[in-house]
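A short write-up of the structure that comes next.
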Amino acid sequence: MEGFGLPMSFGKKAKPTASNLKAKVDNTKRFEPTPEITKKETSEPGPSNSSTPAIEATTTKAEPDEEDEEIGPVPPSAAGAKRKADGEAEANSEEDSDEDEYDDEEEVDRTPISHEIILKDHTKVLSALAIDPSGARIATGSHDYDTKLWDFGGMDSRLKPFKSFEPNGNYYVHDLSYSPDGRNLLVVSGTLQPKVFNKDGEEGVEYNKGDVYLRDMKNTNGHTAEINGGAWHPTDNSLFLTCSSDSTLRIWDIENKRKQKQVIVVRSKERGARTRVTSCAWSPDGKMIAGACFDGALHIWNTSSNYARPNYSNDNAHAKNTETTGVVFSRDGTRVATRGGDDTVKLWDIRSIRKPLAVATGLDNLYPETNIIFSPDDKSILTGLSAPKGQKGGLVFLNSQDLKEERRIAIGEGSVVRVEWHSRINQIFASLSTGALHVLYSPHSSIRGALLPLAKLPKTAPRDPSFSTADVQPVIYTPDALPMFKDKGHRESLHQKEKKAKKMKPMEPVRGAGRGGRLGASETQGFVQTLFPSEMVFEDPREALLKYADKTDKKDEE
C-alpha cells in the first residue's frame, strides 16, 4: 500500500518518530577495544623487534560516545571551540598549571578504526580488492572465481553486491584495479590474458596472449604464462601494467588488444635467466615502475628509458624462492615498501637501494595476494597479518620512517589479505581469507562510504503504531482442499449434486456411427482396418502372369 502512495491505516495517526542515525552507528561499533597508539621512540633506523606473531587484545575499555556528539566529520572551528570550552571548565576546578598541561595535550586520533560494517558474499579467500576514485563503488575478487561489484549508495540493509560475474571461468582472481576516471575495471585472473570491463561489469575486452613456443619474450604479443598482478596508470586512462610468471612486465594500451605497447623483460641471475614477477606497481606520478621477483630481486625502471635494464636494482631484496607479494611507492616517490613472503616488511630509498632503510620481521604472510600500502598522509605503512585456522588475523600499522610498530588491531577470524585506505572518504578496507570484507570507519572523521547504507537499515520504531499485523486474521487461499476450510453454503439439491459430479467426470468415447464431427468406435475401427488389414493376402506372381497369358492367347486365335 505504501508503494502506491496509499495510507497504511485510517484514523488518527501517531506523530512520526525521527530516524536515530546515531543509534544505528553505535550498532556498528567494534566490540573489541581500540588499542591506544604507542609512543614513538627515537631510535636509529634498523630492524624492528617490536612485532609479535600473535595478536594480543588490550584490556582497556573503550569510552562510550557522548550523547551530544554529532555524526560526521567535525569542522575545525567546532573542534577548537569544544576544546576551548572543556579547557575553561577544567580551569575553574583546577589550578593554572593544570590548564597549561591541558592546552599542550595532543589532538584526538582520527584513524578510522572505531566502527565497522562487514560485506560478506564470497565463499572463499577474498584475494583482490579495488575502490574507485570517488569511493562510491568497490570491486572484490575471490578464489571462488567470482568478481562482485558493490555500491554504497545503492546498498540496503542486506549489504549485498549489485553485480556478480565470472571474468575468466574457473580461475582465481588475483588482482583488480580501477582506471583514474573510474569508468573501467582491470581484472587479472590466473590466465594468460588480462580483461577490462566497464564500471558495471559488462562489455569485457580480452587482450591477446603470446606464443608459448617463442623463446625471446620481446617478440611475443602477450603473456605466455600466468599473470600475477596488474595496476592501472595513476593518471593515464589508456594505460595499464601487468606482471607475469613469464619473467616480463607489459604495458598495455586499452585501445589495442592485439599487442602490448611495451615489454619489460626481467633477466634473473638464476639458472635460465628467467624468474617469476610476483608483484608490480606504478609510482604516484607514473614516471617509475617497480617489480618484485620470485628470486628475491627488486627492480625499478624509469618510464622515460628504453627498459633494456632497470635503473635501480637489488638482487637480494628478499629471501630467494619466496613470493614478494606487495610493492608500493610512497607519495613523494622517493621510497618503496615491499611485503615479502619471508614474513618481513622492508623500506627502501630509491637513491640507495643496496641496503634497506628499515626492516620489520615476524609479520606472517600466507597468501600470495597480501599487499602493503602507505597511509594517505605518508606517516604509516599498513599490511595484513595471516593467522592459523580458528584465530583472528590483524592489521598492523608501521611507522613509515623506521618501521616501528605503532598499533595492531584484530579484524576477524582468518587471515587479512588485502588492505586499502581510501583518502577521499577516510575509510580502511580489509579483506579476509573467509571471504568477508571489513570496512572500518569513524563517524567523526569519515564521510559517505559505509555511512550511506546505515540510513537504509530497518527503523528502530514501527512506521505506524496504530497498525499491527497481529490483529489481522490470516486468510487461507486453499478452496476445497480440506473439509474444514470449505465455505459453509446452502444445501445442494440432487440435481446440483449430479451436475457437479458430471462436471468432474471425464469425457466418454462416442458409441455408434458417430455425431458432431466425431467418429464412433465402430466407424473408426472399420476405417483403420481398411488402412491396415489384419491379414495380408499373398499371391504367386507366376499365377498372376499366367492369367494375362491366357488372355493374350485368345486374342491371337481370334
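The values are calculated or read from the model by the stated rules, or taken from the named source; none is laboratory data. Just so it is clear, the model here is predicted, and its values are computed rather than measured. Note that each Cβ is placed from the backbone with ideal geometry, even for glycine, and that neighbours are counted across all protein chains shown. Only protein heavy atoms, including side chains, enter the accessible area calculation; ligands, DNA and RNA are left aside. Shrake-Rupley method; radii C 1.70, N 1.55, O 1.52, S 1.80 Å.
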Cut-off 17 Å (backbone N to label point 7 Å along Cα→Cβ of Lys269), residues of region 308-350 | 309-322
Please state, to two decimals, what the Cα-based radius of gyration of region 99-229 comes to when divided by 2.2 N^0.38 Å (N = residues).
-> 1.43
Contact order relative to length for region 308-389, counting C-alpha pairs under 8 Å separated by 6 or more residues, stands in percent at 25
Hey, what's region 168-254 come to in accessible area per residue, 1.4 Å probe, Å²?
-> 39
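Restricting to region 333-452, compute how many DSSP beta bridges are antiparallel as a %, nearest 5.
Details: 35 of 36 bridges.
Approximately 95 percent, going by the DSSP bridge assignments.
What is the sum of charges around Gly384, taking Lys and Arg as +1, Asp and Glu as -1, for the other residues whose C-beta is under 13 Å from the C-beta of Gly384?
Computed value for this residue: 0.
Can you flag which of Lys120/Lys257; Lys120/Lys199; Lys163/Lys257; Lys120/Lys209; Lys29/Lys379 are past 28 Å Cα-Cα? Walk me through the intermediate numbers first.
On the way: Lys120/Lys257 34 Å; Lys120/Lys199 21 Å; Lys163/Lys257 25 Å; Lys120/Lys209 34 Å; Lys29/Lys379 25 Å.
Among Lys120/Lys257; Lys120/Lys199; Lys163/Lys257; Lys120/Lys209; Lys29/Lys379, the Cα-Cα distance tops 28 Å for Lys120/Lys257; Lys120/Lys209.
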How large, in percent, is the carbon and sulfur part of the accessible surface of region 352-397 at a probe radius of 1.4 Å?
-> 55
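Using a cut-off of 13 Å between beta-carbons, work out the net charge of the residues near Gly340 (Lys and Arg +1, Asp and Glu -1, Gly340 not included). Before the final figure, lay out the partial values.
Numbers: positive: Lys320, Arg339, Lys346; negative: Asp295, Glu323, Asp342, Asp343, Asp364.
Summing Lys/Arg as +1 and Asp/Glu as -1 gives -2.
Extension gain Asn27-Asp377, at 0.36 nm per residue separation less the Cα-Cα distance, in nm? Kindly include the intermediate steps, with their values, before the conclusion.
Values: separation 350, 0.36 × 350 = 126.00 nm, distance 2.92 nm.
Separation in residues times 0.36 nm, less the Cα-Cα distance, equals 123.1 nm.
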Please express the Cα-Cα pair-distance distribution P(r) of region 217-298 as a list of whole percents, one per 5 Å bin, running from 0 to the bin with the greatest distance.
-> 3, 16, 27, 25, 18, 8, 3, 0
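Hey, got a sec? Which trypsin sites (Lys or Arg not before Pro) in region 197-251 land in a DSSP loop and have at most 10 other Cβ atoms within 10 Å? Kindly include the intermediate steps, with their values, before the conclusion.
On the way: sites: Lys199, Lys209, Arg215, Lys218, Arg250; in loops: Lys199, Arg215.
Of the trypsin sites (Lys or Arg not before Pro), the ones in loops of region 197-251 whose Cβ has at most 10 other Cβ atoms within 10 Å are Arg215.
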Summed side-chain charge close to Ser179 - residues other than Ser179 whose Cβ falls under 10 Å, Lys, Arg +1, Asp, Glu -1 | -1
Region 182-274: GluC sites (Glu not before Pro) in DSSP coil with no more than 14 other Cβ atoms inside 10 Å = Glu202, Glu203, Glu255
Label Glu543 and Arg351 with points 7 Å out from Cα along Cα→Cβ: what is the distance between them in nm?
-> 12.3
